[in-house]
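Reading through the structure tokens given below for one structure.
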Amino acid sequence: MSQNYRMLLFTHVASIFNAAIDDKRILENPCHAKSVTRPRVEQKKIEVWSHERAWAVRTALPERFKIAVTVGAGCGLRQGEVFGLSPDDLDRDGEVVNVVRQVRLVENKPVFAPPKRGKMRSVPLASRVARALDDYAKKFPPAELTLPWLHPGGTPTTVRVYLVDYDGRPLRRGAFNSQVWRPALVKAGVTGPTRDHGMHALRHLYASVLLDAGESVKALAQYLGHSDPGFTLRVYTNLLPTSHERTRRAVDGFLTEKKTA
């Protein structure tokens with residue numbers, strides 16, 4: 001049994017005990033006792049795509065879907081958020097993208113829903129991403145989609161979105177991955193387990209670019225939609241640039257004898 005699966009089971013059991021406390025069935029959660037050792041999640045080391053690999057995959061994609069790489073790597077959006085992105089979400093004056101929805105499948109039917117965990121956010125809009133979206137919209141005008149909100153019986157909601165399939169229907173994750181994304185990976189020469197090279201690889205690339213440029217973990221967590229910056233730090237700790245050279249310069253500067261006038 002993997003450590004991650006142990007952690008999942010532990011979390012479920014702890015939730016059951018919390019519910020029992022709420023119902024006044026027990027007084028304390030035994031999972032929180034000092035004698036109980038909480039399983040540790042095995043954090044897999046992130047392999048970051050190079051700029052060349054991302055560009056090769058973008059080149060291999062059909063013209064209609066190339067923009068997915070630009071948005072994923074340029075804004076750090078999740079796949080469902082890319083599928084649900086609308087021109088109306090771009091705040092040109094504030095130079096941000098408001099991430100307010102995703103397209104997801106519920107009971108195998110596409111619906112509009114808030115981003116993961118309901119965490120809406122704003123992400124800086126780079127000028128090149130904005131221009132790329134504008135150029136894309138000229139070739140493929142945004143399509144109006146009417147989908148239920150949250151679940152198949154939810155309130156019908158109409159949104160103009162950038163990305164749809166060839167028939168103007170909402171993109172489905174499974175069909176897109178198997179029929180569009182994976183063939184592009186093969187054409188671009190990307191090898192290895194497909195699960196390691198899904199569209200989430202573009203989020204990792206986005207994170208690596210920001211961290212390399214000196215962006216804070218707190219800001220990155222906000223842009224990625226993580227509720228806990230500590231989680232962001234644990235995921236991307238191997239991407240943090242080393243501070244050895246900066247430390248050496250600081251110490252050398254401090255220990256340099258100061259000349260008095």
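The values are calculated or read from the model by the stated rules, or taken from the named source; none is laboratory data. Quick caveat: nothing in here was measured; it's all calculated off a predicted structure. Cβ coordinates were reconstructed from backbone atoms using ideal geometry, including for glycine residues, and neighbour counts include every protein chain displayed.
Of all residues in the range 106-129, those satisfying the criterion of being surrounded by fewer than 19 Cβ atoms within 10 Å (Cβ to Cβ), without any contact (Cβ under 8 Å) to a residue 40 or more places away in the chain and either not in a strand (DSSP E or B) or not polar (S, T, N, Q) (or both) are Asn108, Pro114, Gly118, Met120, Ser127. Residues in the range 185-237 that are farther than 15 Å from Gly72 by Cβ and touching a Pro at 6+ places or on another chain (Cβ under 7 Å): Leu211, Asp212, Val217, Lys218, Ala221.
When Ala132 is tested against (1) outside any loop (DSSP other than H, G, I, E, B); (2) farther than 18 Å from Arg64 by Cβ; (3) small (Gly, Ala, Ser), just one condition goes unmet, and that condition is (2).
A single entry from Val190, Val186 fulfils the requirement of being farther than 20 Å from Leu105 by Cβ, in a loop (DSSP other than H, G, I, E, B) and not small (Gly, Ala, Ser): Val190. Any residue at all in the range 73-84 that is touching a residue at least 24 places away in the same chain (Cβ under 8 Å), part of a helix (DSSP H, G or I) and among the acidic types (Asp, Glu)? Checking the range 73-84: at least one residue is touching a residue at least 24 places away in the same chain (Cβ under 8 Å), part of a helix (DSSP H, G or I) and among the acidic types (Asp, Glu).
In the range 37-58, how many residues are at pLDDT 85 or above and either surrounded by 14 or more Cβ atoms within 10 Å (Cβ to Cβ) or touching a helix residue (DSSP H, G or I) at 6+ places or on another chain (Cβ under 7 Å) (or both)?
Start the filter on the range 37-58 by keeping residues that are at pLDDT 85 or above, which leaves 48-58.
When the remaining residues are screened for being either surrounded by 14 or more Cβ atoms within 10 Å (Cβ to Cβ) or touching a helix residue (DSSP H, G or I) at 6+ places or on another chain (Cβ under 7 Å) (or both), the result is 48-49, 53-58.
Here the count works out to 8.
Would you point out which residue out of Val69, Val103 is modelled with pLDDT of 95 or more, in contact with a helix residue (DSSP H, G or I) (Cβ under 8 Å, 6 or more places away or on another chain), assigned to a helix (DSSP H, G or I) and surrounded by 15 or more Cβ atoms within 10 Å (Cβ to Cβ)?
Val69
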